[in-house]
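Read the structure below first, then the notes.
The values are calculated or read from the model by the stated rules, or taken from the named source; none is laboratory data. Quick caveat, the model's predicted, so the values are computed rather than measured. Cβ: placed from backbone, ideal geometry, glycine included. Neighbour counts: every protein chain shown.
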Amino acid sequence: MAAAAEGEEGPRLSELLESGWRLLEEVESDTEGSSGAPAVQRRVQRGLELLERAARAVSQLELFSRNEELEEIASADLRFMLVPALLAALTLRQVAPPRRLEHLRRARGLFLDFLRLCRNYAVARFDLPREAVDSDDEEHGGEAAPAPAPSDGQASLLAMAAARRAKIERYKQKKELENQLASLKPFVDSGQAEEEQIREFYLLQIKKWVTVSLEEIESIDQEIAILNRRGAVQCEQMLKIAPPPVFPSLLPGSIHTTFPATPIFSEALHPYSGCCPGKVYHWGKGGSFCCFWQGGGLDGRRAVHEGRVGSSCSCCSA
């Protein structure tokens, strides 16, 4: 059924995949220009557009199902398993610092989608990474890995050594797969490959991208942790800034229009708006503060956190 549907819509879907894949290869092979150059980013955005359309088409055609085996997938359909991985790789190529965390999380989800699909079809043997990673998991009630105790130092070293061996093994597998792909690619590109060679070529591509996806998820997790720590540090630094001056009027939505002549508290936007958007800071004598949701007036706001200037604010989250 999938093969028949792809046969009807195949040229269009094939064109979307091949064009998006080609743009990714062009971006990855461009060693002369900066990744943030407008020309490079235009190719990235164009590739994302094409592959997103390909992903929607694959979903609509229902090319892959949990109820079928790998042998049941037509050789021409195998390449469409790569769509989420290619889309994830291009997502990582976007250069937009304010949205970097968003892009990292989206790419991670796409790589996981690809790995789940490969695991469902038993394309390769590997351990699926955990569903999500966030340094704030504990704070928000999620499960976080406990910190190793001092007595677990030996176990930690053994785990690090095992991770290093796994990384080296993945690197060797990736190079071997690339060599096999290089020998088959001329036949596939020229249209002279037999169906068995075409099937082997795309299976090798899928196995290569399994390795790439596992490597990228490791890198993404590390970068997310760094960005979360950086955001926490920036928030703490901003909280150390002296309390803002008293303003003559409050924010829109407040039931109060002016402060008392000699106010006990002053109120202003949170000093680091990227940390607590939509909230205000309520400053008191001696440097004490409260963080409130915006709206409702001084008496109607719900306090989120109280403490001293320079301490951590529990409402601050990425």
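Annotation note: Cβ proximity below 6 Å between a residue of the range 12-30 that is closer than 13 Å to A88 by Cα and a residue that is aliphatic (A, V, I, L, M) and part of a helix (DSSP H, G or I) (sequence gap 6+ or interchain) occurs for G20/L50; G20/L51; W21/L86; L24/L86; L24/A89; L24/L90. In the set L87, L92, only one residue is at pLDDT 95 or above and over 11 Å from the mean Cα position of the chain (by Cα); that residue is L87.
Restricting the range 115-129 to residues that are among the hydrophobic types (A, V, I, L, M, F, W, C) and part of a loop (DSSP other than H, G, I, E, B) leaves a set whose member that is farthest from S75 (Cα to Cα) is L128.
The test for being under 21 Å from K207 (Cβ atoms) and out of contact with any Pro (no Cβ under 7 Å at 6 or more places or on another chain) does not hold for D30. For the range 153-171, the set of residues classified as of a type in the set (K, R) and loosely packed, with under 11 Cβ neighbours inside 10 Å consists of R164, R165, listed by residue number.
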